[in-house]
1. Can you work out which of the residues in the range 157-180 that are in a helix (DSSP H, G or I) and under 15 Å from the mean Cα position of the chain (by Cα) is nearest to the ligand (Cβ to nearest atom)?
2. Would you mind stating whether GLY83 is within 14 Å of the ligand (Cβ to nearest atom) and exposed (fewer than 15 other Cβ atoms within 10 Å of the Cβ)?
3. Can you tell me which condition ILE264 does not meet? The list is (1) more than 23 Å from GLY19 (Cα to Cα); (2) aliphatic (A, V, I, L, M); (3) at pLDDT below 95, and all the others hold.
4. Give me the residue from the range 27-53 that is away from the ligand (no atom under 11 Å from the Cβ) and among the acidic types (Asp, Glu) and, out of that set, nearest to HIS117 (Cα to Cα).
5. Please enumerate the residues belonging to the range 178-205 that are closer than 18 Å to ILE242 by Cα and in contact with a Ser or Thr (Cβ under 6 Å, 6 or more places away or on another chain).
6. Does LYS256 satisfy the condition of being free of Cβ contacts under 8 Å to residues at least 12 places away in the same chain, under 26 Å from CYS143 (Cβ atoms) and more than 13 Å from the ligand (Cβ to nearest atom)?
7. Are any of the residues in the range 54-64 on the phi > 0 side of the Ramachandran plot, more than 13 Å from the ligand (Cβ to nearest atom), assigned to a loop (DSSP other than H, G, I, E, B) and not basic (Lys, Arg)?
8. Within the range 93-107, how many residues are crowded, with 16+ Cβ neighbours inside 10 Å, in contact (Cβ under 8 Å) with a residue 40 or more places away in the chain and not small (Gly, Ala, Ser)?
Amino acid sequence: MQRLAEIPFPEVERVARSGHALVILPVGVVEEHGAHLPLGLDSFAAEVYAEVAAPHLEEIGYEVVIAPTISYGVARAAIDFPGTLSLEPQTLKSLVAEIGRSLARHGLNRLVILNGHRDLHHMQALDDARATLVEENTGQILCVGFTSDPALTAACYREGIGEFSRSARPDREGHGGEWETSLALHAFPDLVKQDIVQGLEPNFDYDVEAFRGETKDYRSLSNGSGYFGSPQSGNAETGKKILAIRGRNIAGVILKAWGEPKKIRD
Ligand SMILES: [Zn+2]
């Protein structure tokens, strides 16, 4: 696995010529995740999922190149919290489409958009970017992680992790709750305010439909706390397990869509 920004151009040329190149573009956001987690959590999560998925893809012959993360996205529901930044969906769509076109220009025409942020407009913008690139015949483009397709999202993130929950209400875990806290405690523990986590009461009693449908903002839905579920149920051990499983899940979704690498352009 290589990082696009860390290699020189002849190496890009070689990888593109191999016909086995697969670029993963992690996409996140700058958004509040409760008083205990960093604003960049979804970006950091997308990055670690890409790193863990890569070896599974390389095992069957792909050469994985991870592009620099898009750390900005659409975050309207949490926009009232200090630090949350939001793009217009059109801006995100253009950004992704332009990156996809540039990659294809150099023969890197297998692109996986790996999204770590759940927001309906954000996910739609990524889908729209994908549709545009496909329409332009740019190559093979796939959206994974949080996508507009709930079944695909579940196949990436939910499949096989339920048994690890220590929450009293696993059905109420969401943004900033057990799963995200666990992942952060494992993958970037220095960025978790661990003393604060201990004092956070579970937030199970919220309007789930409004949360999922984004019909109300996070501040009013969470009583100003910014998280949904029980951060206290999170732990590093769970984080380690769910990271491994989600990495494998994401690779599985990609392989199901594309199979083994075939040369798609000389
Ligand atoms: Zn998140």
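1. For the range 157-180, the residue satisfying everything is GLU180.
2. yes
3. The one condition ILE264 does not meet is (1).
4. Filtering first and then ranking leaves GLU47.
5. GLU178, SER182
6. Considered against the rule, which asks whether it is free of Cβ contacts under 8 Å to residues at least 12 places away in the same chain, under 26 Å from CYS143 (Cβ atoms) and more than 13 Å from the ligand (Cβ to nearest atom), LYS256 comes out as yes.
7. From the range 54-64, those on the phi > 0 side of the Ramachandran plot are 61; that's our starting set.
Adding the requirement that they be more than 13 Å from the ligand (Cβ to nearest atom) leaves 61.
Add one more test, that the residue is assigned to a loop (DSSP other than H, G, I, E, B), and what stays is 61.
So of that shortlist, the ones also not basic (Lys, Arg) come out as 61.
The answer is yes, given that some residue of the range 54-64 is on the phi > 0 side of the Ramachandran plot, more than 13 Å from the ligand (Cβ to nearest atom), assigned to a loop (DSSP other than H, G, I, E, B) and not basic (Lys, Arg).
8. 3
The values are calculated or read from the model by the stated rules, or taken from the named source; none is laboratory data. Everything numeric in this text was worked out from a predicted model, so none of it was measured. Every residue, glycine as well, gets a Cβ built from its backbone with ideal geometry; the counts of neighbours run over all protein chains shown.
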